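Q: Below are the structure tokens for one structure; questions will follow.
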2 protein chains.
Amino acid sequence: MTKPKPDGSNGEGPAAFNPLPEWLRNEGEAADVVLSSRVRLARNLAGHLFIVKATRKDRQRTLEVCRDTILHCSLAPHIAWYDLHAANPADRTLLVERHLISKQLAKGRAGGPGAAEDPRAVAIGLPDERLSIMVNEEDHLRIQTVRSGLSLAAAWKEIDAVDDRIEAGLEYAFSPRFGYLTACPTNVGTGLRMSVMLHLPGLRLTGDIDKVKRAAADMGLAVRGFYGEGSDAVGDLYQLSNQTTLGKSEASILHDMEHEIVPRIVEYERLSRRELITRRRVGVEDQVMRAWGLLTHARLLTTDEAMGALSLARLGILTGILKATGGAAIDVRTVNQLILLVQPAHLQRVVGRELDQEQRRVARATFVRGRVCTAS
Amino acid sequence: MTKPKPDGSNGEGPAAFNPLPEWLRNEGEAADVVLSSRVRLARNLAGHLFIVKATRKDRQRTLEVCRDTILHCSLAPHIAWYDLHAANPADRTLLVERHLISKQLAKGRAGGPGAAEDPRAVAIGLPDERLSIMVNEEDHLRIQTVRSGLSLAAAWKEIDAVDDRIEAGLEYAFSPRFGYLTACPTNVGTGLRMSVMLHLPGLRLTGDIDKVKRAAADMGLAVRGFYGEGSDAVGDLYQLSNQTTLGKSEASILHDMEHEIVPRIVEYERLSRRELITRRRVGVEDQVMRAWGLLTHARLLTTDEAMGALSLARLGILTGILKATGGAAIDVRTVNQLILLVQPAHLQRVVGRELDQEQRRVARATFVRGRVCTAS
């Protein structure tokens, strides 16, 4: 992925990526709680077999058709195209860590024999990485836009325009009765999934996080960790997304998420933070300052430890604890950025070479210390 | 204990005590590993019933006889006398924390009804607290001398002189066949127990501490925690003492401890520390610096947490890690002193008022931070 590829990659390496992609900019509505808002559409091409039924040759053809359209319909200031079957594993992991592709797409189809060579790609809108389009994941196209803060309407507006431009060049599989047809029935209809990445350290510390999870489940929402299905909520980061797409209009899904459900969780988290700093001040100061002590002193850090401590540092900044106690002058953006840069593939990119797990723990601690100690 | 007592206390309050008693001065042979050396003699008065058989009136009489002798035979530059039945609980705990009296003496006989009023006392040699004499503990007299570092011979010489002076004024229970008679058969004979307080963080970190414990047990030595029987080895501090007193001469016990057993453990601990800083440097740096981060950042500290972190700080200073990594310029004496001052009764003495457990955790963190942050 470091050089232009004869197979069609247009040569942008992840090294050229923005150090602070859109979803970590800490801007927009309720950015104290909502890191980012994401909208994705699942689309398939008419006249092409669904991925699960397609041969490798079929998938190669699908990929080529998609590439021709995506690269020539002005979707962003610049579109970087990566053939993932030609990419090295570290670069694929880097893209997963940036939330630009799914783990499934990184691995290739079902992770079976020859999965890594399965024809598949991602197109990314640069420089802000707001747009990414996975080709030959579960569906032929998985189009995603992301915005900082609570901004589902804007993300929806953007993806809707992208969707129209692509549809002008490709024919989607569509049924007048069911809507957009997708590989998995849960996506049929609008093919839409909206999600927000929430930072909920307050609710975790007050012990109310489980109530929120149960309430979300009752409303038909999925609550996942930072890296989606099956990942734990390390760093107090939770992805909240709608589950059903059939029988509900885009507008209704959008309205429920943006104006009803998420604002209620945001208020609940803010209330928890206020309660913590008024009624349980010493306890939360202790947690925040211990985390700060760890970030500034540890010589070995696992990813989860680093994310846990960064979460508390973020809480400390947003509640004024970290400044008030003379801990440090560090900003939320730096913390957000570190949440990404402590991930294994990013860390190796920063260091400039491959590292085993033990070396990563050393490098992570050194890197974090360098950033937060300069900041303080 | 703050004013002269009509009952015979001579009015020295623990507040007047030395901030750094002898056993924490970090002086003498092998002070990097051996905090202190202690020798104690168990003695009983002829013509007085053993404590377990004595009535309260008997014990009151024993106490008075002992006091008259102890206060008038020039045992130290100054002898402070405390009637523990007249002392408040906080002062009794303070004396336990300073290792001047046993928990058993603090509680009174078997902790039963009226135990607190049981006639019992301690005489302490000031200003260095090298000498202490418990009256009406398990035996009528438990005489103890303590020295910094590995210094059993000097402690023995000192206690032998004290013993002679007391014996000049009192008749001890002595059998030509068994030697000095004591309440518990394990003390019969010399009535002597020698012990050293060891700081063994290296052996704990290399995982070899259990080998040392087993070897010590095989040699008939008892290994106990910082506060004696039943206390855990918090702060990596271990008391090592001889178990049998019958059938072995003082000289033989002393020689074994001072010239054979303890030096071997000292070498083993030093070897572990060298191994840690050469072969497992990053790991031990990580431990030490995390501990330092905790001491300088936590807002709540339990006694055990504080002692654990102070132990690692002590290791960090002695191995050069704490200075080498720019952590802090703090000396071993300050750390030794903090090991004592973070104990509950000492902490309350420092703060100047009674505190509940939660308040103590706050006060402990604040106090420690003040000391180590000034030092750095």
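Q: Those residues that are in contact with a Phe, Trp or Tyr (Cβ under 9 Å, 6 or more places away or on another chain) and either open to solvent by 30 Å² or more (accessible area, probe 1.4 Å) or at pLDDT below 85 (or both), I need them from the stretch B:236-248; list them, please.
A: If the condition is that a residue be in contact with a Phe, Trp or Tyr (Cβ under 9 Å, 6 or more places away or on another chain) and either open to solvent by 30 Å² or more (accessible area, probe 1.4 Å) or at pLDDT below 85 (or both), then B:Gln239, B:Thr245, B:Leu246 are the ones that fit.
Q: For A:Thr93, are the conditions met, namely being in a helix (DSSP H, G or I), surrounded by 16 or more Cβ atoms within 10 Å (Cβ to Cβ) and more than 20 Å from the chain's Cα centre (by Cα)?
A: So A:Thr93 does not fit the description; no.
Q: If you don't mind, there's one more thing I want to ask. On the basis of being open to solvent by 10 Å² or more (accessible area, probe 1.4 Å) and either part of a loop (DSSP other than H, G, I, E, B) or among the acidic types (Asp, Glu) (or both), does B:Glu269 make the cut?
A: Against the criterion (open to solvent by 10 Å² or more (accessible area, probe 1.4 Å) and either part of a loop (DSSP other than H, G, I, E, B) or among the acidic types (Asp, Glu) (or both)), B:Glu269 does not qualify.
Q: A further question follows. Can you name the number of the only condition in (1) modelled with pLDDT under 95; (2) under 23 Å from A:Arg314 (Cα atoms); (3) not in a loop (DSSP other than H, G, I, E, B) that A:Ala251 fails?
A: A:Ala251 satisfies every listed condition except (2).
Q: I've got another one for you. Given A:Arg274, A:Arg281, which one is without any contact (Cβ under 8 Å) to a residue 60 or more places away in the chain, within 13 Å of another protein chain (Cβ to nearest Cβ) and open to solvent by 30 Å² or more (accessible area, probe 1.4 Å)?
A: A:Arg281
Q: Say we look at the stretch B:176-235 and pick out the residues that are among the hydrophobic types (A, V, I, L, M, F, W, C) and open to solvent by 50 Å² or more (accessible area, probe 1.4 Å); which of these is farthest from B:Glu22 (Cα to Cα)?
A: So the residue we want is B:Phe178.
Q: Shifting gears a bit: Of everything in the stretch B:108-141 that's in a helix (DSSP H, G or I) and at negative phi, which residue is surrounded by the fewest Cβ atoms within 10 Å (Cβ to Cβ)?
A: B:Glu117
Q: While we're here: Any residue that is without any contact (Cβ under 8 Å) to a residue 60 or more places away in the chain and either over 23 Å from the mean Cα position of the chain (by Cα) or in a loop (DSSP other than H, G, I, E, B) (or both) - is there at least one of those in the stretch B:38-49?
A: Yes, because at least one residue in the stretch B:38-49 is without any contact (Cβ under 8 Å) to a residue 60 or more places away in the chain and either over 23 Å from the mean Cα position of the chain (by Cα) or in a loop (DSSP other than H, G, I, E, B) (or both).
Q: Additional query: Based on this model, can you work out whether B:Asp210 counts as acidic (Asp, Glu) and within 16 Å of B:Tyr268 (Cα to Cα)?
A: It is true that B:Asp210 is acidic (Asp, Glu) and within 16 Å of B:Tyr268 (Cα to Cα).
Q: Does the stretch B:297-306 hold any residues that are within 27 Å of the chain's Cα centre (by Cα) and within 8 Å of another protein chain (Cβ to nearest Cβ), and which are they?
A: B:Leu300
Q: Which of the numbered conditions does B:Ile253 fail, given that it passes all the others? Conditions: (1) more than 14 Å from chain A (Cβ to nearest Cβ); (2) closer than 30 Å to B:Arg371 by Cβ.
A: Only one criterion is unmet by B:Ile253, namely (2).
Q: Can you name the condition, by its number, that B:Lys248 falls short on among (1) over 21 Å from the mean Cα position of the chain (by Cα); (2) within 14 Å of chain A (Cβ to nearest Cβ); (3) not aliphatic (A, V, I, L, M)?
A: The one condition B:Lys248 does not meet is (2).
The values are calculated or read from the model by the stated rules, or taken from the named source; none is laboratory data. Quantities reported herein were computed from a predicted structural model and do not represent experimental measurements. We place every Cβ from the backbone using ideal geometry, glycine too, and count neighbours over all the protein chains shown. The area values use the complete protein model at the heavy-atom level, side chains included, leaving out ligands, DNA and RNA. Shrake-Rupley method; radii C 1.70, N 1.55, O 1.52, S 1.80 Å.
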